[in-house]
Amino acid sequence: MQFSSKLIEDAVNAFASLPGIGKKTALRLVLHLVQRPPEDSTDFSRAIATMRVNIQHCTVCGNLSDQHVCSICRDQRRDRSMICVVESIRDVMAIEETQQYRGLYHVLGGVIAPIEGVGPSDLNIDTLIQRAREPDAKEIIMAISPTIEGDTTIFYINRQLESVDIAVSSIARGVSFGGELEYADEVTLGRSIVSRTQL
């Protein structure tokens, strides 16, 4: 792709470095910004820079947050007896979209994958065990993608919770084996949460 402007080329390359954005889409976005008032680009870049500098992980659940504790963990209307365990922040967003779950979350930050060098100590598991021991906690819901690594992670956490007086359940397998939660449709994912099964 030939560019008449090095500034345009650099901007296109910056956009194209994002996942799912090719050079043509990047060029379309850059040309859109060029045609907008300069303050639009300033607001856009300021929002990205501010987000990157100030975003943090919730000290309770590991979700992304503007503050030390995220809005979900701070919400007193949430059912504090349930903790939904997920791999990633995108899974929290996917489940929230269903509007069928009103408990709390715990973001592991991945799954156990020995081939990729990811072990239990690399994940947010110890804090989950601590949260499971809290008096309000009554149920841990495993909402982890149905893959070999996901099942291994569920098995490991379940073993760690054997000495804790808490119910452990897994979402129903309405989500296909080998699938990713973030790509499941809202109805299937919502039904999987509602129809969870005891482990």
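Annotation: of all residues in segment 59-88 being outside any strand (DSSP E or B) and in contact (Cβ under 8 Å) with a residue 40 or more places away in the chain, the one that is nearest to LEU18 (Cα to Cα) is SER88. Against the condition outside any strand (DSSP E or B), out of contact with any helix residue (DSSP H, G or I) (no Cβ under 7 Å at 6 or more places or on another chain) and either among the acidic types (Asp, Glu) or surrounded by 14 or more Cβ atoms within 10 Å (Cβ to Cβ) (or both), how does ASP91 come out, does it pass? Considered against the rule, which asks whether it is outside any strand (DSSP E or B), out of contact with any helix residue (DSSP H, G or I) (no Cβ under 7 Å at 6 or more places or on another chain) and either among the acidic types (Asp, Glu) or surrounded by 14 or more Cβ atoms within 10 Å (Cβ to Cβ) (or both), ASP91 comes out as no.
Here GLN100 meets each of (1) at pLDDT below 95; (2) touching a strand residue (DSSP E or B) at 6+ places or on another chain (Cβ under 8 Å) with one exception, condition (2). Please indicate, with yes or no, whether at least one residue in segment 20-31 is closer than 30 Å to SER71 by Cβ, within 28 Å of the chain's Cα centre (by Cα) and loosely packed, with under 13 Cβ neighbours inside 10 Å. So far as segment 20-31 goes, yes, one or more of its residues are closer than 30 Å to SER71 by Cβ, within 28 Å of the chain's Cα centre (by Cα) and loosely packed, with under 13 Cβ neighbours inside 10 Å.
When the residues of segment 32-55 are filtered to those that are surrounded by 12 or more Cβ atoms within 10 Å (Cβ to Cβ) and in contact with a Ser or Thr (Cβ under 9 Å, 6 or more places away or on another chain), the one that is nearest to GLN67 (Cα to Cα) is LEU33. The single residue among ILE141, ILE125, ILE157 that is at pLDDT 95 or above, crowded, with 16+ Cβ neighbours inside 10 Å and more than 17 Å from the chain's Cα centre (by Cα) turns out to be ILE157.
The values are calculated or read from the model by the stated rules, or taken from the named source; none is laboratory data. It should be emphasised that the depicted structure is a prediction, and the values quoted were computed from it without experimental measurement. Virtual Cβ from ideal backbone geometry, glycine too; neighbours counted across all protein chains shown.
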